[in-house]
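For reference, the structure discussed in these notes is given below.
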Amino acid sequence: MLRFWPIWVLLLGGLFYWGMQRPNPNELKSVLVGKPAPSFSLPLLEPYRAQYGPEMGIGERVEKPVLLNIWASWCIPCRTEAPLLERYHQQYKDQVLFLGVNVQDKESEALKFVQQYGLTFPSVYDGRGRVGIEYGYYGVPETFVIDRNGNVLARHAGELTEAQLQGYLRQVLQ
């Protein structure tokens with residue numbers, strides 16, 4: 001076995017090189033990109049009901065572009081991403097709907113998260129994870145960018161950076 005070590009080193013090195021050449025893992029391919037976003041309507045978390053009503057979601061027609069963010073209170077990257085999303089929601093709320101979907105969580109924990117981070121963009125509660133399944137998400141956080149025609153333009157797995165978020169907003173506001 002030891003006499004074959006150069007071959008193993010070459011194989012492992014080649015595998016490492018191949019992995020480094022792959023696209024950014026945050027930009028996962030999705031069968032939804034370029035297609036209509038799946039419709040849904042779910043109960044809003046309590047803090048948003050007075051302003052938006054008892055339920056919210058995405059229908060066959062959208063009034064403006066949507067930044068759909070799937071999150072959970074126990075998700076560490078979601079905690080870092082939440083203030084960024086809130087800041088951009090404040091800046092673009094007249095042009096883009098920022099919509100959160102809380103999944104795999106207890107509603108009470110989701111409410112604490114919303115309060116802790118002062119989130120004013122609406123979030124729905126998806127206790128059964130239906131939206132995540134329909135959108136084919138891998139985990140939280142995950143963001144789907146939907147244009148004014150209701151088509152999915154992009155899917156982003158993992159925490160958004162400010163530069164990435166700006167890029168997605170430019171893309172939907174063209």
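A short reminder: the numbers here are calculations on the coordinates, not readings from a lab. Just so we're clear, the structure is a prediction, and the values are computed from it rather than from any experiment. We place every Cβ from the backbone using ideal geometry, glycine too, and count neighbours over all the protein chains shown.
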*For segment 73-90, take each phi angle, set θ = phi - 60°, evaluate the Karplus expression 6.51 cos²θ - 1.76 cosθ + 1.60, and give the result in whole Hz per residue in order, putting x for glycine and proline.*
5, 7, 7, 4, x, 5, 5, 6, 6, 3, x, 5, 4, 5, 4, 6, 4, 4
*Return the aspartates and glutamates within reach of LYS64: Cα separation strictly under 16 angstrom, same-chain partners fewer than 8 residues apart disregarded; answer none if there are no such residues.*
ASP94, ASP147
*Please turn the phi angles of segment 104-119 into ³J(HN,Hα) values with the Karplus equation 6.51 cos²θ - 1.76 cosθ + 1.60 (θ = phi - 60°), one per residue in order, whole Hz, x for glycine and proline.*
6, 8, 8, 4, 4, 6, 4, 5, 4, 4, 4, 5, 4, 9, x, 6
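Segment 46-82: which GluC sites (Glu not before Pro) are DSSP loop and have at most 16 other beta-carbon atoms within 10 angstrom?
Working: sites: GLU55, GLU60, GLU63, GLU81; in loops: GLU60, GLU63.
Answer by residue number: GLU60, GLU63.
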*Between TYR117 and GLN174, with labels modelled 7 Å along Cα→Cβ, what's the label distance in nm to one decimal, could you check?*
2.8 nm
_I need the phi-derived Karplus couplings for segment 153-158: 6.51 cos²θ - 1.76 cosθ + 1.60, θ = phi - 60°, integer Hz, Gly and Pro marked x._
8, 7, 10, 10, 8, x
*asked:* For segment 68-174, which chymotrypsin sites (Phe, Trp or Tyr not before Pro) pass both filters: DSSP loop (anything but H, G, I, E, B) and at most 15 other C-beta atoms within 10 Å?
replied: TRP74, TYR138
*If we count every other residue with Cβ under 11 angstrom of THR120's Cβ, Lys/Arg +1 and Asp/Glu -1, where does the sum land?*
+1
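With the Cα gyration tensor of segment 24-173 giving a ≥ b ≥ c as the square roots of its eigenvalues, does the rule (a/c under 1.5 for rounded; else a/b larger than b/c for prolate; else oblate) give rounded, prolate or oblate? Could the numbers behind the result be given before it?
Details: a/c = 1.26, a/b = 1.20, b/c = 1.05.
Note, shape of segment 24-173 comes out rounded.
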